[in-house]
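Asks: Below you will find the structure I want to go over with you.
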Amino acid sequence: MEDITKMNDEQVLAYIDGLEKEKAIEDEVIKSVLKIQKDLLKQRAIMILEDKARALGKFRNFQKLIGIIRQQLRQEEVDNQSYVTRMDGIDLVLNTGEWICDKSGIRRISNKNGQIVEEIACWQPVIISAIYFNKELCSYRVQLAFKESEFSKVKTITIPKSMIATASSITNLADYGIAVTNITAPLLVRYLNDLERLNVEIIPRNEAISRLGWIDDEFIPYDNSISFDGETMYKELFDAIKTEGSYQTWKDMVLKEKSLEARMIIGSSFASPLVGLLDKLCFFTHLWGTSGIGKSVALYFAQSVWGEPRKLVQNLNGTAVALERLASFFCNVPLCLDELQTLKKTVIAKDGGFDDILYKLGQGRGKSRGTKNGAIDKVSTWALSIITTGEEPITTDNSGGGAKNRVIDIYCKKSIFTQATGVINCCNSNYGFAGRDFITKLMDYVKRNGKSHLNDIYSSYFEYLMKSTPTDKQAMSASMIALGYTLMKMFVFDVDEAEAINEGLTLLDEIRPCLVDITQVDNVESFYTDLLSFVAQNKHHFIFDRTIMGVTTTYNPLENRIEVWGKITALEINISNIIVKKFCVDRNTSYTKMIRALAEADKSIYIHKERFEGTRPVRINDGVIRCVTLRVPAENEKQMLIPIDDEGLPF
C-alpha cells in the first residue's frame, strides 16, 4: 500500500476509492485511514471503505474490525506515551509525555482494568510559555499561553506559580478564559506539573520585576533582559514607557515653555528617579487654580518625558489603597494625579482625610498586610515625585504641619503654557525619548563622578534656600526640583554644568516665595491663634467685663439664656475643655497633643500633676468647670478679643 501521508486530500480520497473491494477489510488499509490527522478527511475515507465492505457483504465484520484496530492504535499511543504540543500560533514545542495537547485540548489515554480510557484535562490547548523569577520578591510566576477556540488568537496570562499548584487554586484560571472546573482541575494541575518537569531546559526562564524604576544599577524598563510579570492591570502602564515621534520636536517644545510652573513641573519629573538614587524623601508638587489654565496639560508635559502621557497620567476617583499600589508600581517614575478634588472627596469620606494620604505617600512605604496563610506580605515601597493638580490647594488651614511640609503648593494665576493645545498635541505625538536619554547619561555621570557629586550640587541648593526661612522639608523638595532641572539641562540639552547649576539657582529664587516657612507649619502657634479667633467669634458664650459709654459691667450669657462656655479675665481666657475638644474634632486635630503643646509653649496655665491633664477647675456661676486656660495674648494680638460693640458704640 502506498504512503497516503504524502498525498493531499483529493489524492487520498481518489486512492482509497480506487482500491479493490477486498482491500477494504485489510488491516494495513484500515490502520492507514485511522491515522489520518484531519477528522473530516478521515471520516470520508472510512465511508468509502464502508461502501466497499457492504458490496462484499462483510459490513458487520468491517465494523468489528475497525473497532478492534482503533483500540489497538490507542493502546500503542498509551504504550509510547510520548507526545509534543501542537498549537497554532506558538512556535514553542514542548514534550508532553503521556498527555496530548493539540487543537482539541488536553487529554491522556490510559488503560484501566483492560479498558482504554480518555481523560480530558481541558478542551482548550494550554501550555507554559515562560517562567519568571521576580528579583525583588524572590518569587516565581508563570506565563500560560492558550486558545479559547480553534480559530481564536493565542492569549497569554502571567499568574503566580502557586495558582497552578493545587486543584482548589487552579480553578481561578476560569476568570481568565481557561476552561477548568472542579472536576478537571486535578488533571490540569498534573498536566502542567508534568509539562514543566519534562521541559526544564526548554521553557524560557526570565528575570522579572513587577514595577518601574531602579533595580540594583539598572532602570526598568530600559534593561531589556528583565521582563514584566506584575498584575495585568499594570501591564498597559508598563508598556506605555516607550518612544514615539521625534525627540527634537519634543525638545523644541520644552525650550519654548519658560513659565515658573512649566519649569517646576519638568524639573519634578526629572527629579523623580533621583529621589531613589540619592535616598531622598518623596515630595509633592501641586498646581491649583481655575479651570482652563493648563493644569492637566502640565501633567502630560511631565509624563511625556517617560512615555505615552495618555496612559501614564492617572485620573483617579479611588481609595488610599489604590494610590498606594499605584505609587508602588511607578516606584521611581513620577506619579501624576489629575483633578485631585474628585479624589479628595472619596478619600476624605473613606480613608479619614486627605492629610493621611499625604503622610502615607510621603513616607514612601505602604501598610503591612497579612497573607492568606498567616504570614506578612512584603511591604511595598517607592521613592518618587508626586505631581498633582486641582482647583484648590491640596492642604487646608487645618492640615497638620507635616502635611504642609510635604507639598509645594503653586497657585496658577494665568495660563501655564504659551499655547496649551499645541503642547498637549506635541506631548501625545512625541514622547519617551528624554527619559531613556536622561537615565543613560545619568548612569554614566554617576560612574564617572559618583553619587557624592550629585549630593554636593543638591546640598549647595539646600544651603542656598536655608538662608531664608523655609522648613527643612520644603527646602529639600525645592532642591530636588532644581537638581532635576539642572541635570535635564545637562543631559538632555547639553548645557555646560556650571551654566546649568546657575539656571537651577535662578529657578530656586523663583520657587522661594511659594515655599512654606516655619511659622506656617507651627501647629501650636496656628492652633493658639485659631482658638483665640474662635473665642472672639463666640464671645457671647463667655463671661467677661465690658465697658459701654464709660460704664463697666459684667456680661453673663446665662442672663440671656445662652450656654456658657467659659470666662475671660484680664489675665486669662478659660474655655470649657468640652468646647475645646469639639473645636479639635472640627479641625481634625488631636486634643491631647495640642493641649500639651500649648502648655510646653507656655501659652496655657494648668495644675501640675503626676498625670498631665493640661486643664484646671474654674468656678463659673454656681458650678466648677474643668477648663483649658489660655494666657491673655500681647496687646497687638489682644484686639481680636474686643467685640465691635464694646466701646464707642453709636447706639
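Asks: So Ser459 ticks every box in (1) crowded, with 17+ Cβ neighbours inside 10 Å; (2) free of Cβ contacts under 8 Å to residues at least 40 places away in the same chain; (3) of a type in the set (Gly, Ala, Ser) but one. Which box is left unticked?
Replies: (1)
Asks: Which residue out of Val313, Val275 is open to solvent by less than 30 Å² (accessible area, probe 1.4 Å), within 19 Å of Arg406 (Cα to Cα) and in contact with a Cys (Cβ under 7 Å, 6 or more places away or on another chain)?
Replies: Step by step, each of Val313, Val275 is checked, and only Val275 is open to solvent by less than 30 Å² (accessible area, probe 1.4 Å), within 19 Å of Arg406 (Cα to Cα) and in contact with a Cys (Cβ under 7 Å, 6 or more places away or on another chain).
Asks: Ser162 fails exactly one of the following numbered conditions: (1) without any contact (Cβ under 8 Å) to a residue 24 or more places away in the chain; (2) touching a Ser or Thr at 6+ places or on another chain (Cβ under 8 Å); (3) under 28 Å from Val333 (Cβ atoms). What is the number of that condition?
Replies: Every condition holds for Ser162 apart from (3).
Asks: From the set of residues in the stretch 117-136 that are within 30 Å of Gly213 (Cα to Cα) and either assigned to a loop (DSSP other than H, G, I, E, B) or not hydrophobic (A, V, I, L, M, F, W, C) (or both), which is least open to solvent (accessible area, probe 1.4 Å)?
Replies: Step by step, filter the stretch 117-136, then rank; the result is Asn134.
Asks: Which of the residues spanning the stretch 170-198 are part of a helix (DSSP H, G or I), touching a residue at least 60 places away in the same chain (Cβ under 8 Å), under 23 Å from Glu150 (Cα atoms) and not aromatic (Phe, Trp, Tyr)?
Replies: Listed by number, the residues that qualify are Leu187, Leu188, Leu192, Leu195.
Asks: With respect to Ile241, is the statement that it is of a type in the set (Val, Ile, Thr), surrounded by 17 or more Cβ atoms within 10 Å (Cβ to Cβ), modelled with pLDDT of 95 or more and touching a Gly at 6+ places or on another chain (Cβ under 8 Å) true? Before the answer, list the steps.
Replies: Working: of a type in the set (Val, Ile, Thr): yes; surrounded by 17 or more Cβ atoms within 10 Å (Cβ to Cβ): yes; modelled with pLDDT of 95 or more: yes; touching a Gly at 6+ places or on another chain (Cβ under 8 Å): yes.
Here the answer is yes, as Ile241 does meet what is asked.
Asks: Among the residues of the stretch 244-260 satisfying the criterion of being in contact with a Cys (Cβ under 7 Å, 6 or more places away or on another chain) and buried (at least 17 other Cβ atoms within 10 Å of the Cβ), which is farthest from Asn206 (Cα to Cα)?
Replies: Per the stated criteria, the residue is Met253.
Asks: Looking only at helices (runs of 4 or more DSSP H) that lie completely in the stretch 404-494, which have at least 3 residues being of a type outside the set (S, T, N, Q) and in contact with a strand residue (DSSP E or B) (Cβ under 9 Å, 6 or more places away or on another chain)?
Replies: 433-449, 472-491
Asks: Please go through the stretch 199-215 and give me each residue that is surrounded by fewer than 16 Cβ atoms within 10 Å (Cβ to Cβ) and either assigned to a strand (DSSP E or B) or without any contact (Cβ under 8 Å) to a residue 24 or more places away in the chain (or both), ordered by number.
Replies: Correct list: Val200, Glu201, Arg205, Asn206, Glu207.
Asks: For Ile66, are the conditions met, namely being modelled with pLDDT of 85 or more and more than 45 Å from the chain's Cα centre (by Cα)?
Replies: yes
Asks: What do you reckon, is Ser429 of a type outside the set (A, V, I, L, M, F, W, C), within 25 Å of Gly289 (Cβ to Cβ) and surrounded by fewer than 20 Cβ atoms within 10 Å (Cβ to Cβ)? I'd like the intermediate steps shown before the answer.
Replies: Values: of a type outside the set (A, V, I, L, M, F, W, C): yes; within 25 Å of Gly289 (Cβ to Cβ): no; surrounded by fewer than 20 Cβ atoms within 10 Å (Cβ to Cβ): yes.
The answer is no for Ser429.
Asks: How many residues are assigned to a helix (DSSP H, G or I) and either modelled with pLDDT of 65 or more or not β-branched (Val, Ile, Thr) (or both) if we restrict to the stretch 343-401?
Replies: Looking only at that region, the number is 17.
Asks: Sticking with this one: Got a sec? Which of Lys467, Lys489, Lys451 is free of Cβ contacts under 8 Å to residues at least 40 places away in the same chain, among the basic types (Lys, Arg) and farther than 25 Å from Lys251 by Cβ?
Replies: Lys467
Asks: Now for a separate question. Quick check, is Glu497 surrounded by 14 or more Cβ atoms within 10 Å (Cβ to Cβ), in contact with a Ser or Thr (Cβ under 7 Å, 6 or more places away or on another chain) and farther than 20 Å from Leu260 by Cβ?
Replies: In short, no.
Asks: Can you pull out the residues in the stretch 464-494 that are surrounded by fewer than 16 Cβ atoms within 10 Å (Cβ to Cβ) and touching a helix residue (DSSP H, G or I) at 6+ places or on another chain (Cβ under 9 Å)?
Replies: Passing the criteria: Met466, Ser468, Thr469, Asp472, Phe493.
Asks: What strands (runs of 3 or more DSSP E) completely inside the stretch 1-116 contain at least 1 residues that are free of Cβ contacts under 8 Å to residues at least 24 places away in the same chain, closer than 29 Å to Ser149 by Cβ and among the aliphatic types (A, V, I, L, M)?
Replies: Correct list: 99-102.
Asks: Now, a different point. Tell me, please, whether a residue that is over 21 Å from Met488 (Cα atoms), among the aliphatic types (A, V, I, L, M) and within 28 Å of the chain's Cα centre (by Cα) can be found in the stretch 414-434.
Replies: Checked against the condition, which is being over 21 Å from Met488 (Cα atoms), among the aliphatic types (A, V, I, L, M) and within 28 Å of the chain's Cα centre (by Cα), the stretch 414-434 yields at least one hit.
The values are calculated or read from the model by the stated rules, or taken from the named source; none is laboratory data. Everything quoted here is computed from the prediction, not taken from an experiment. With ideal geometry, Cβ positions are generated from the backbone for all residues, glycine too; neighbour counts draw on all protein chains shown. Calculation scope for accessible area: heavy atoms of the full protein, side chains included, ligands and nucleic acids excluded. Shrake-Rupley method; radii C 1.70, N 1.55, O 1.52, S 1.80 Å.
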